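Colleague: The structure is given below, and queries will be raised subsequently.
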Amino acid sequence: MKLPALLLMLGLMAAGTAIAHPLAPALLELRETDTGIHDVLWRLSAIQGSQSVPVPVLPAHCRTLQAPKASMAPGAAVTTHWQIDCGDHGLNGAVIRIENLTASAINVILRIQTSQGLQFQALLDASNPTYKLSLDDQPISAFRRYLVLGINHLVFGPDHLLFLLALIILIGLSRSLIWTLTAFTVGHSITLCLAALNLIRANPALMEFAIAASLVLVARELLRSQPSPLGRAPSVMAFSFGLLHGMGFAGALQQVGLPQTGVVSALIGFNLGIELAQIMIVAAVTLLTVCLCRIGYNWFQLGYAMKTALPAYLIGSLGILWCLERLTALHA
């Protein structure tokens with residue numbers, strides 16, 4: 001087996017061991033309503049591929065005033081509310097931790113708002129599951145936090161990532177790829193903005209299923225001896241599927257909600273993060289291809305079976321697997 005094809009196969013197999021959408025981010029929000037009194041909101045996606053559920057661990061000196069009450073939106077998220085009293089000292093200097101992040105493979109947006117109106121945000125993950133609040137720190141803007149969230153959502157979301165790689169294989173590293181990716185960007189930007197601002201709505205579980213189905217369709221296009229009408233117009237295909245994937249991107253935001261202040265900057269940051277990740281991936285594929293050619297492994301000279309059929313069957317197989325997994329969420 002040629003090295004480039006082997007690398008691709010190993011990469012896709014690694015993606016298959018992950019859950020279909022590792023970044024369905026959770027939200028932990030603590031809003032101080034009086035000195036030391038905090039309303040707590042914990043929102044977790046109902047679309048999870050892991051049996052290990054993340055659990056927020058609040059400071060030991062905080063006592064519960066109201067028992068947690070949970071509610072669920074069908075196919076969307078489970079939201080739990082309760083109230084805590086952290087005393088006169090409040091949360092200043094306290095450490096907040098999220099358990100089971102390594103096993104669940106998702107991110108958690110942490111928001112803290114003081115009674116004085118100061119807002120603090122953090123993005124917690126398996127490598128950084130804790131946050132220590134210091135009121136002397138400068139609050140980080142929503143734009144920066146959502147920029148990172150957008151990058152992670154594409155880079156660590158195997159379904160979106162594989163769709164992007166399928167487009168690269170279908171079109172090749174040419175000028176046409178630029179126009180196709182631009183069309184994909186325009187498509188998902190439209191629905192991302194409209195859905196995130198609640199101007200349009202869709203069932204998140206249905207969108208996740210449709211995104212997995214788009215992988216099957218694009219894999220089928222790779223295997224066609226003669227391209228379909230969509231295949232003959234890859235920019236139109238990318239735009240169409242971009243509209244669909246934009247709903248998936250928006251679903252990630254709707255699971256946690258946009259901040260009450262700085263909605264526009266957070267939305268721009270998230271969308272820009274997706275675009276930066278897209279550019280990084282294309283640049284990495286281009287650099288890898290050039291490096292392999294330099295050492296004698298020319299991707300462009302590989303036969304149809306290794307260059308197209310193998311990745312198409314792997315992408316399509318993962319798409320079918322995720323379709324089956326997401327059928328469960330559709331009936332939840």
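The values are calculated or read from the model by the stated rules, or taken from the named source; none is laboratory data. Computed from a prediction, not measured in an experiment: that's the story for all the values here. A quick note on method: Cβ atoms are made from the backbone with ideal geometry, for glycine too, and the neighbour counts reach across all protein chains shown. The protein model used for the area step is the full one, side chains on, heavy atoms only, and it has no ligands, DNA or RNA in it. Shrake-Rupley method; radii C 1.70, N 1.55, O 1.52, S 1.80 Å.
Colleague: Quick one: the Cα spread of the range 104-255 along its three principal axes, in angstroms, biggest first?
Modeller: Largest first, the range 104-255 extends 63, 33, 29 Å along its Cα principal axes.
Colleague: Follow-up. Step through the residues of the range 130-135 one at a time and calculate ³J(HN,Hα) from phi using the Karplus curve (6.51 cos²θ - 1.76 cosθ + 1.60, θ = phi - 60°), rounding each to whole Hz and writing x for Gly and Pro.
Modeller: Once rounded to whole Hz, the list reads 10, 9, 10, 7, 10, 5.
Colleague: A further question on this structure: Report the label-to-label distance for residue 135 and residue 309 in nanometres (one decimal), using points 7 Å from each Cα along the Cα→Cβ vector.
Modeller: Going by the 7 Å Cα→Cβ label model, 6.8 nm.
Colleague: State to the nearest 20 debye the size of the charge dipole of the range 116-221 about its Cα centre, where the only charges are +1 on K and R beta carbons and -1 on D and E beta carbons.
Modeller: 180
Colleague: Over the range 159-238, give the accessible area per residue in Å² for a 1.4 Å probe, as an integer.
Modeller: Result: 45 Å² per residue.
Colleague: Taking the alpha-carbon set of the range 185-242, what are its Rg and Dmax in Å?
Modeller: Here Rg and the maximum Cα pair distance are 13.3, 42 Å.
Colleague: What is the packing order of peptides 34-42, 204-212, 188-196, taking the mean over residues of other C-beta atoms within 10 Å and listing the highest first?
Modeller: Listed from highest to lowest mean packing, they are 204-212, 188-196, 34-42.
Colleague: At a 1.4 Å probe, what is the % contribution of carbon and sulfur to the accessible area of the range 98-187?
Modeller: With neighbouring chains kept in place, the figure for the range 98-187 is 56 percent.
Colleague: Separation between the residue 148 and residue 99 pseudo-spin-labels, each 7 Å from Cα along Cα→Cβ, expressed in nm?
Modeller: Simple spin-label model gives 2.4 nm for this pair.
Colleague: For residue 88, tell me the accessible area in Å² from a 1.4 Å probe, rounded to the nearest 10.
Modeller: Spelled out: residue 88, probe radius 1.4 Å, area about 140 Å².
Colleague: Ok, one more. Starting from the Cα coordinates of the range 81-136, work out the convex hull volume and express it per residue in Å³.
Modeller: 100
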